[in-house]
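Read the structure below first, then the notes.
Each value in this text was obtained by applying a stated rule to the coordinates, not by laboratory testing. As the structure is a computational prediction, the values presented were derived from the model and not from experiment. Virtual Cβ from ideal backbone geometry, glycine too; neighbours counted across all protein chains shown.
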Amino acid sequence: MKTSVLMSIILAAFVPLWASAQTDYTAPDGGEKPLGTYFKTDIDSVSLTNGNLHVSIPLFSLAGRELPVNVQFDYDSQSYELRQTFMGTYWVHGYESMLWRKSSNLQQGTLQLSQANLLPCPPVGQCTSTWNVQITWAAPAGNRHTWGAFVTQSCSSMSPSQYYPYYICNNPSPASITDNLSLSDAEGYGLLTGSGGGWLQTPKLITFPDGSLWGNGFLTTPNGNQIQMNPNTQSITNSGTQLADFLPAADTLGRPISYSISSDSSTETVTLHDSQNQSQVYTINWTTVLGTNINEPTVFDK
Amino acid sequence: MRRLLITLIVPTVFVVCVATGVAAQAPQSAVQAILARLAPGKTLPDDLIIAGQLTDPSGVVQPFRITTKGKDQVLYETGTGPSHVSTTTSKGNGWTVVGNKFTLLKTYTAMQRLKILPFLDLLAEADTASLQVTDKGPFLIGTIATRLYTLRLPDPTPNARLIGRPFDEQTDFYVDPVSSLVVRSVRLFMAENSMDIRTQVITDFSDYRTVQGFAIPFRIVETSNFAARKPVQALYVIQNVTVNSGVPDSTFAAPGAKK
């Protein structure tokens, strides 16, 4: 019998697209939005909405066929998260910094699913639920796009679950409430999902206002030019969160962009070849970057 | 040379000689023997209530009470009156109640075992066939020559997990081979809002006393290491232990389900 546990769906509140873990990402909007209001200078801007300071320092731009490879070093002053660990009679709290990160065309950010069951099912019998599906993408450079939809899911019957107060939905249709969505936000960014296996497994594509497509590790322009992410280029914070700040493995002219990271993840090195076929080496030494190893006072409470 | 002899060679020889006593057994048998030492006949209590004083990492001293039933129902309580906080983990679910505020815990948090009583930690699975035991040899903790056993219990239902990440359990137990008492346990706990972030928790047990046959540490020090930050400590001093008093299942029911 094909079953789906409602508890699991509810607990799917925050599921990053690329990271394999369940991680909340709740920092205010960072980066710069096309229609945002900012106080701006050459390399930095301050959001007049939430006070976030955004700094973008260009590292290199490798011209390619239609689609250049751009890599920046970005900072968002409000990009940190409170992390809490349950100890039974108390909690251990600490802050995780994601203030600085490298940024390219392929910086994925995170795609989060959060939804609420508007019509909870009774513990037995046939049931139809309407879900308010909310999906948020923390886009390259830190800004957000949110898509919403109401999805109706029916269950042929309900069974009690050992996990109070949740129940098991038998033969759910659709199998996953995130199957086959086609959504668009007010700024012209779209989200397309496939089907099969639930939110984590289903293919997900993001469409840009200019017609470009980002998904399955590829950024594709309307003309078909592509750059593909190198999954090994992702940075990880000192607390363990994957930042999904990917670099491509090559530009659209086929010139390789090689990458290495030290065993302690403290130093990243990018090597590329310019139009004269001269190699250029860029090194990020994270131990010298303020805010990547913050040690501010830790707070404890219940 | 004399200092070298005293500080390095003597403890090392001592560790090797003493700790080999337990090492003679197969790891699985050794762990079963440790459980038998802590819980007579390897029989866990039906229920258990421990109470005493907790000094939390911020230095606040307050009363605590922990009520357990079986291996997977625990009620943690601290404070009194308006500052009373209760957290329940029950058969894979968990929630915290502060006044009228009810907060659900993530499944992987709710599945935590009670770590301040070793026989209710992963040692409780000593007879479980799928438990993997590794004998990692002698270790010196302070002046105590211990033997380190790593216990790992693979998630029996990894495919059912939400994001495809199994909830495997693993704990290191440092055991005094002379008394077969657990001196220290070490494990990693996932942060409530990020499975990527692991806090290492070192639990040191001392002042063991026997209560109705069960070896109970009356002094427990927990040291938590969150990422690169300075470690923090909490101290439990147990003052009262009640065994098999007939705690009802309703003690561990969510507020809405309580009669």
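Taking a ≥ b ≥ c as the square roots of the eigenvalues of the alpha-carbon gyration tensor, the range B:169-225 is classed prolate because a/c is 1.5 or more and a/b outweighs b/c.
Descending by average beta-carbon neighbour count within 10 Å, the peptides B:60-69, A:262-271, B:215-224 line up as B:215-224, B:60-69, A:262-271, the highest first. A Förster radius of 22 Å, combined with the Cβ-Cβ distance separating B:Ile141 from B:Thr251, puts the computed FRET efficiency at roughly 0.05.
For the range B:89-125, applying the loop criterion from DSSP together with a ceiling of 12 other beta carbons within 10 Å to the chymotrypsin sites (Phe, Trp or Tyr not before Pro) yields no site. Rounded, prolate or oblate, given the Cα gyration tensor of the range A:179-289, with a/c below 1.5 counting as rounded? Because a/c hits 1.5 or more and a/b fails to exceed b/c, the range A:179-289 counts as oblate. Residues whose amide H comes within less than 5 Å of that of A:Gly64, counting only those at least five positions distant or on another chain, are A:Val69 (H built at 1.01 Å from N in the peptide plane).
Stokes-Einstein diffusion for the range B:54-129 at 20 °C, viscosity 1.002 mPa s, with a Kirkwood radius from C-alpha pairs, works out to 159 µm²/s. Per-residue extension of 0.36 nm, minus the Cα-Cα distance of B:Thr210 and B:Leu104, leaves a gain of 34.6 nm for this segment. Subtracting the Cα-Cα distance of A:Thr152 and A:Thr130 from 0.36 nm times their residue separation leaves 7.5 nm of extension gain. Within 10 Å of each Cβ in peptide B:194-204, how many partner chain Cβ atoms are there on average? Round it to a whole number, please. Counting other chains' Cβ atoms within 10 Å and averaging over B:194-204 gives 6.
Overall shape: prolate for the range A:59-99, with the ratio a/c of the largest to smallest alpha carbon gyration tensor axis at 1.5 or above and a/b above b/c.
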